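Heads up: the structure comes next, in structure tokens.
Every number in this text was worked out from the coordinates using simple rules, so none of it is lab data. Please read these numbers as outputs of a predicted model, since none were measured by experiment. Note that each Cβ is placed from the backbone with ideal geometry, even for glycine, and that neighbours are counted across all protein chains shown.
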Amino acid sequence: GESVGLHLPTLSVQEGDNSIINCAYSNSASDYFIWYKQESGKGPQFIIDIRSNMDKRQGQRVTVLLNKTVKHLSLQIAATQPGDSAVYFCAENIGGKLIFGQGTELSVKP
Amino acid sequence: DAGVIQSPRHEVTEMGQEVTLRCKPISGHDYLFWYRQTMMRGLELLIYFNNNVPIDDSGMPEDRFSAKMPNASFSTLKIQPSEPRDSAVYFCASSSYRSSGNTIYFGEGSWLTVV
């Protein structure tokens, strides 16, 4: 199928710690994955993406890991800050159609 | 660039009324998407267009929903008649493989409440 799901609906971390948000996908034909951040009252905002021919990609304070063997995607946020508090979605792109997971709410404690 | 622009940002309407949501995609983008977000169902793709042509409307919940894209800079999502269960946030998004890869950029959403 085309479902994308998240393991944890909520995650609470201490400011300064690293955060890891996980995502499972089911469609082995997916060739492109994106992480979005959604703050309250706003639309989803692009964070980082990765193509299926890669297993790791790094951005500024964020790293995405892709394990195609187990169809697993993760987003790592280094030195989590209060401004990182939001809902994070993984999404898989199949032929131009973006299918979203449920989302994980990240809460950063000061 | 101004990003994807949606209107209205908020709308409260009575059951049975017609609702029209509007979207202006990012200039030069040739893909346009309509999503609906609810607590129960998350982000659902309703329909998407490529070069103003509807490509996949399998996510449109029922005949009360319709979407059009008369030109490259404008799209509407219409609900007629509206029902309380249509209450949700409706997002428009756009992308262009040439300029943004497969990255899809979202608008701020239209918050619809049907009472």
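Counting other Cβ atoms within 10 Å as a rough exposure proxy, the listed residues A:Ile20, B:Ile79 run A:Ile20, B:Ile79 from fewest neighbours to most.
The label point for A:Arg57 and the one for B:Thr113, both projected 7 Å from the Cα toward the Cβ, are 3.9 nm apart. Comparing B:Thr103, B:Thr20, B:Thr76 in a Gaussian network model of chain B, where Cα atoms under 10 Å apart are tied by springs, the biggest mean-square fluctuation is seen for B:Thr103. Taking every alpha-carbon pair in chain A and binning the separations at 5 Å intervals from zero gives 2, 13, 25, 26, 19, 9, 4, 1, 0 percent. Among B:Glu14, B:Glu62, B:Glu44, the largest mean-square fluctuation in a Gaussian network model of chain B (Cα springs under 10 Å) belongs to B:Glu62.
Nearest 5 is fine: what % of DSSP beta bridges in the protein assembly as shown come out antiparallel, could you say? Percentage antiparallel, nearest 5: 90. Working note: Karplus 6.51/-1.76/1.60 with θ = phi - 60° gives the stretch B:10-25 the couplings 9, 8, 10, 9, 8, 3, x, 7, 7, 10, 10, 9, 10, 8, 10, x Hz, where Gly and Pro are set to x. Counting other Cβ atoms within 10 Å as a rough exposure proxy, the listed residues B:Ser58, A:Ser12, A:Ser30, B:Ser73 run B:Ser58, A:Ser12, B:Ser73, A:Ser30 from fewest neighbours to most. Shown in residue order for the stretch A:51-64 are the 3J(HN,Hα) couplings computed by the Karplus curve 6.51 cos²θ - 1.76 cosθ + 1.60 at θ = phi - 60°: 8, 5, 8, 10, 10, 7, 8, 10, x, 7, 6, 10, 9, 10 Hz (x for Gly and Pro).
The ranking of A:Thr63, A:Thr10, B:Thr113 from fewest to most other beta carbons within 10 Å of each one's beta carbon is A:Thr10, B:Thr113, A:Thr63.
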